[in-house]
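The values are calculated or read from the model by the stated rules, or taken from the named source; none is laboratory data. Bear in mind the structure is a predicted one, so any value in this text is a computation, not a measurement. Note that each Cβ is placed from the backbone with ideal geometry, even for glycine, and that neighbours are counted across all protein chains shown.
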Amino acid sequence: MTSHSLPVHVAIVMDGNGRWASKRFLPRLAGHHQGVESLKRCAKACDARGIRVLTVFAFSSENWSRPAEEVSGLMDLFAMALGREVSQMHQEGVRMHFVGDRSKLSDRVLREMEQATALTCNNTGLILNICFNYGGRWDIVQAVQSLIAKNLPATEKNLCAMMSLAHVPDPDLVIRTGGEQRISNFLLWQSAYAEFVFSEQLWPDFNEQELDKALQIFAKRQRRFGKISPQLNADGSLPLSS
Ligand code: FPP
């Protein structure tokens, strides 16, 4: 693959955990547990392929309206999985960031997030952004509020600097598993020019082969960023001056 045909930043809506469990007559939480395994595998595979940033949607602003048992199960799983997996992630050189509204999260979850961030902050491998209690609309609103608080003019550049993923470039590729084809309030601002690939696989079944399929589809897309084909380089990349 030429360098521009590999995405720098991949973002994933990890959908289908509940259905994966139901198909096996297991409680929905078993699907979420398996989802953690799938995420570990995917992070490794992304790193191995030279992808620099992986951003995943782990809990949305709207997920609070699920049955209380599932919400508390997801919170427990999140804290437990972080506590259990973070040293391995650290060994693999992953730098972890947590993105989302922290105001409603428990002390336990916040503590695990802070420890994982502190432990991995100097790593130089894959940047893993975990969106937790995240919503694209929340992100835009908090960015606008920051502009107002700092008395800055509402320009695109200023707003970009206040968005919660300002530390990474916008996603090049957004993958959604589980067969649904919608954005569900994920990276509304940041995915303005992302390519979308929808996979029929349920998230726990998403493996290296499925990732490679998505990467192959991405590599064949012509990204024009509002331009027309003749304005692009022969290999489909943007001219340096643009
Ligand atoms: C969507 O599937 C998935 C979620 C709401 C949770 C995803 C969370 C994980 C994979 C665990 C993350 C943990 C860490 C430590 C980052 P769904 O429940 O909507 O599935 P369905 O559409 O089949 O019901």
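Figures for the structure shown
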quantity: Within region 116-137, tally of residues that are in a helix (DSSP H, G or I) and over 18 Å from the mean Cα position of the chain (by Cα); calculated: 2
quantity: Answer residue from region 212-242, given it is of a type in the set (D, E, K, R) and at pLDDT 70 or above and is farthest from residue 197 (Cα to Cα) among those; calculated: 227
quantity: Residue, farthest from residue 202 (Cα to Cα), within region 159-179, restricted to residues that are of a type in the set (A, V, I, L, M), under 15 Å from the mean Cα position of the chain (by Cα) and surrounded by 14 or more Cβ atoms within 10 Å (Cβ to Cβ); calculated: 163
quantity: Residue that is farthest from the ligand (Cβ to nearest atom), among those in region 61-75 that are touching a helix residue (DSSP H, G or I) at 6+ places or on another chain (Cβ under 9 Å) and under 24 Å from residue 9 (Cβ atoms); calculated: 61
quantity: Residues within region 171-209 that are closer than 20 Å to residue 41 by Cβ, touching a residue at least 40 places away in the same chain (Cβ under 8 Å), among the charged types (D, E, K, R) and part of a loop (DSSP other than H, G, I, E, B), tallied; calculated: 0
quantity: Condition check for residue 188: over 24 Å from residue 20 (Cβ atoms) and within 20 Å of the chain's Cα centre (by Cα); calculated: yes
quantity: Residue satisfying condition, being free of Cβ contacts under 8 Å to residues at least 60 places away in the same chain, under 20 Å from the mean Cα position of the chain (by Cα) and farther than 23 Å from residue 172 by Cβ, within set 78, 59; calculated: 78
quantity: Selection count where residues are surrounded by 14 or more Cβ atoms within 10 Å (Cβ to Cβ) and on the phi > 0 side of the Ramachandran plot, scope region 88-136; calculated: 2
quantity: For residue 200: the one exception among (1) surrounded by fewer than 19 Cβ atoms within 10 Å (Cβ to Cβ); (2) under 28 Å from residue 79 (Cα atoms); (3) within 13 Å of the ligand (Cβ to nearest atom); calculated: (2)
quantity: Count of region 14-27 residues which are surrounded by fewer than 20 Cβ atoms within 10 Å (Cβ to Cβ), more than 6 Å from the ligand (Cβ to nearest atom) and either assigned to a helix (DSSP H, G or I) or within 21 Å of the chain's Cα centre (by Cα) (or both); calculated: 2
quantity: Qualifying positions in region 84-115 - assigned to a helix (DSSP H, G or I) and either under 17 Å from the mean Cα position of the chain (by Cα) or β-branched (Val, Ile, Thr) (or both); calculated: 86, 89, 109, 113
quantity: So residue 137, is it more than 12 Å from the ligand (Cβ to nearest atom), modelled with pLDDT of 95 or more and of a type in the set (D, E, K, R); calculated: yes
quantity: Residue, surrounded by the most Cβ atoms within 10 Å (Cβ to Cβ), within region 137-153, restricted to residues that are more than 13 Å from residue 189 (Cβ to Cβ) and of a type in the set (Gly, Ala, Ser); calculated: 146
quantity: Among residues of region 31-47, those that are over 16 Å from residue 95 (Cβ atoms) and away from the ligand (no atom under 11 Å from the Cβ), counted; calculated: 2
